Each structure stands twice: as C-alpha cells, then as structure tokens.
1. Run the numbers for residue 170 and residue 2: contour at 0.36 nm per residue of separation, minus the present Cα-Cα distance, in nm.
2. Provide the gained length on full extension for the span residue 314 to residue 162, in nm with one decimal, where the gain is 0.36 nm per separating residue minus the Cα-Cα distance.
3. Helix 163-176 sits at what angle to the longest principal axis of the chain, using alpha carbons and giving 0 to 90 degrees rounded to 10?
4. Going through the cross-link list 168/302; 246/314; 246/302; 109/180; 5/314, which pairs have a Cα-Cα distance over 32 Å in this structure?
5. Counting only heavy atoms of protein chains, what accessible area per residue, in Å², does the chain have with a probe of 1.4 Å?
6. On full extension of the chain, what length is gained from residue 269 through residue 245, given 0.36 nm per residue of separation minus the C-alpha to C-alpha distance?
7. With a cut-off of 8 Å between alpha carbons and a minimum separation of six or more residues, what is the relative contact order of the chain in percent?
8. Over the chain, what percent of the accessible surface lies on carbon and sulfur atoms, probe 1.4 Å?
Amino acid sequence: MEYRKLGNTGLEVSNICLGTMAFGRWIDEDASVEILHTAIENGINFIDTANFYGKGQDTSYPYGTGASEEIIGRALAGRRQDIVLATKVGLPMGRGRNESGLSRLHIMKEVDQSLLRLQTDYIDLYQVHRFDPDTPIEETLRALDDLVRQGKVRYIGCSNFAAYQLAKSHAISERMNLEKFISIQPRYNLLYREIEQELIPYSQEEGVGIIVYSPLARGLLTGKYTSPDDAPPESRAAHGEVNLQKLFVERNFKQVEAYSQLAKKYNQSLSEFALSWVFNQPGITSAIVGASKPYHVTDAIKASELTWTDELTKEVDRLHDFVYLP
Ligand SMILES: NC(=O)c1ccc[n+]([C@@H]2O[C@H](COP(=O)([O-])OP(=O)(O)OC[C@H]3O[C@@H](n4cnc5c(N)ncnc54)[C@H](OP(=O)(O)O)[C@@H]3O)[C@@H](O)[C@H]2O)c1
C-alpha cells in the first residue's frame, strides 16, 4: 500500500480511501463491517463517510440518517487511533429549517451528532459536503476553526467546490487567520475530467490534497452496464441510484466501450485500467473507492499496484480528445 502526505500537512493517508456511501443504504451492517475490516487488514488507513450517508437516501426519505457513521463507529471499536477518519456536513439531515447547509448553527449541531455516531471524540478530516451559496463562507470557516480549537476536529476540507470557491475560502482564512481547507474532494474518472482545467492546477500550486470520488463512475467504468436497461441484480442501478442512472447516456456508453477495448489491449479489466489511471494522475492524493463487496477492495488494491506508463497516458488522452474536441 502506498501512503502519501495529504496536501501540505504531515498527515499520511493510503492512496486508496475506503468510500462508505453504500453502508446502511445498499448493504447491511454485516456486509459493511466485512468490507471495512478487509480494507484495514490490507493497509488502508483512510475512511470517508458523511452524516448524510445511510438508508435515508431513498426517495421516500431523502435525508441523511447517519447510518454509515453508526456502522463505522461500531466497527472501529479498538482501532480508531490507526485510522484517518473523514466525514462531512452540509447535506440535508431533515425537513426543517437549519437542518442542512453550512451555517454555524447546523455545523455545531452536526459535528456533535457525528462524534456520537462515530463513537470518537475527534474527527481527523471534517469536510463541507458542497458549497453553500446561502451562508457567508466567513461564518462557515469561523465555525470550523472553532471546532479545531475545541479539539473536535483535526483538519478541515471541502468537497464539490469550484476552484474559485476554494481560492476564495483560502483568501478568507488567511485574512481572518482561520484554519484553511487542506483538501478537496471532487468527482474524477475517465469519463469526467473537468477538474483538470482549474481545480487540479490550483491545488497542486497551493499544496491542497486531492481526494477523488467515483473513480469508477459509480460502477459504470466496470463495464457491468451496457445500456440503461440492463442493471445486474444487486447492483446500485438495480437499487435505483439516481446519480448513477443520470450517467446512463449514449456518450458515456460509447466511451466505456472504447476504454474496455483499450484495457483489453493491455490485458487489464476495465475497472483495473480506470482505477490505475486515476492513481497515476498528477496531483491526486487518494482515490475514494466505493465497495459493496470485499473483493471490490482487493481489486482496487491490485489496480493500485499496476504499472502505468507514459504510453498509456498518451493512448487515454488520444481517446479522450477524440471524444471531446471538435
Ligand atoms: N463528496 C461527494 O459528493 C461524494 C459523491 C459520491 C461519492 N463520494 C464518496 O466516494 C466514495 C466512492 O464513490 P462511488 O461509490 O461512486 O465510487 P466508485 O468507485 O466510482 O463506484 C463504486 C461501485 O463500483 C462497483 N465496483 C467497484 N469495484 C468493482 C469491481 N472490482 N468489480 C465490479 N464492480 C465494482 C460497485 O458497484 P455495485 O455496488 O453496483 O456492485 C461499487 O459500488 C463513496 O462511497 C463516498 O465515500 C463522495
């Protein structure tokens, strides 16, 4: 397992981060715990969750329940100090006013709820889940800074921010002498490379750790879906994951087919190829791998150990340009 410093900090994290969005939502506690233990036993020391993750994300109750955090809290008993535990705040946790977003009030309430569910007295990386246009960033950063002073949080990070939102946040932290976001969590995979334009260059320049999510495009880059109507049983599409179904467009199916051919040429499975590409992209600290079965974790570890070459980079870029450039 390879470990890397998270941005400019002294914190060391494995280049595979275990994503736990499936825990308590598409898979039950026993299956989740098995995956978590497989990850830890294989050297993964970095776990990503969110207050929002859990079974409440179905259409009848579209709010977070904290189920993923609860499962992790129970499963980590006795092992907490070996893990870099990252969670998030900001998505809706209920119907009421002040039950979502990045206000001081909501953050202060939610951090205590997360600590209780995770059965810990500190969070290593507390991330804001997405930009909140209705709350001044100053208010959010001041609240997060207080959490670090109180010892509830070690580092702060953000997710789904545009480069200008991250740059603006950094400028405010400097001006107000507050903690800075040390990491960014964006989407990144062979099908969606938009962060290469601004977010990656800015983060590299400023020493921000980049922890990317959906490296397999929620499963599309495994080749298990070939059309909108062929979801294998037990897959996330079969469970009705809306954000995955949104990716079922012709452009993506065509690209998946083209990348499958390329992977085959190098005797790799599509998922190995897609993950290996992410692990070897400049500036990326860790890829957050979503797993609903233990073998998803061990496959990701194998992919992280494959050799990547400049020739492969050129082939991928040629294919990418063919799809995107006029
Ligand atoms: N910050 C954010 O807004 C945000 C958004 C999304 C995700 N995340 C984080 O990132 C994590 C990963 O995201 P993701 O789940 O979308 O990641 P992903 O790695 O792109 O997709 C994971 C899915 O791919 C399939 N898969 C993985 N390995 C496989 C293998 N070896 N063979 C066949 N299928 C395989 C599984 O699908 P099946 O379960 O269908 O078999 C699995 O659920 C989440 O758990 C969460 O922690 C953050």
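The values are calculated or read from the model by the stated rules, or taken from the named source; none is laboratory data. Worth saying up front: this structure is predicted, and the values here are computed from it rather than measured. Neighbour counts run over all protein chains shown; Cβ positions are idealised from the backbone, glycine included. Note: areas computed on protein heavy atoms with side chains; ligands, DNA, RNA excluded. Shrake-Rupley method; radii C 1.70, N 1.55, O 1.52, S 1.80 Å.
1. That pair, residue 170 and residue 2, stretches by 57.6 nm at full extension.
2. Length gained, residue 314 through residue 162: 52.0 nm.
3. Helix 163-176 sits at roughly 30 degrees to that axis.
4. 168/302
5. Solvent-accessible surface per residue comes out at 44 Å².
6. Values: separation 24, 0.36 × 24 = 8.64 nm, distance 2.24 nm.
Gain in length upon complete extension: 6.4 nm.
7. Relative contact order of the chain: 18 percent.
8. That share works out to 49 percent.
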